[in-house]
1. Could you pull out the residue among 40, 27 that is modelled with pLDDT of 95 or more and surrounded by 10 or more Cβ atoms within 10 Å (Cβ to Cβ)?
2. Pull up the range 43-66, narrow it to residues that are assigned to a loop (DSSP other than H, G, I, E, B) and farther than 21 Å from residue 5 by Cβ, then point me to the one that is modelled with the highest pLDDT.
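The values are calculated or read from the model by the stated rules, or taken from the named source; none is laboratory data. Because the structure is predicted, anything quoted here is derived from the model rather than measured. Ideal geometry is used to build each Cβ from the backbone, glycine not excepted, and the neighbour counts take in all protein chains shown.
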């Protein structure tokens, strides 16, 4: 999942072995945030498509109705 990847990304960025500098770390952190946001929107759109097609709200912890 994207949330797990984001956590892993932070562990890498905060590790003492990160040798690419602060600017690269900030860029990577922001990029990860943007990908996470895109994934959230994709889940929301998917839940809406399921509702439009079936008339039923998707079930499960990953589907949010907004």
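1. Values: 40 fails: modelled with pLDDT of 95 or more.
Every option except 27 fails the conditions.
2. Selected residue: 55.
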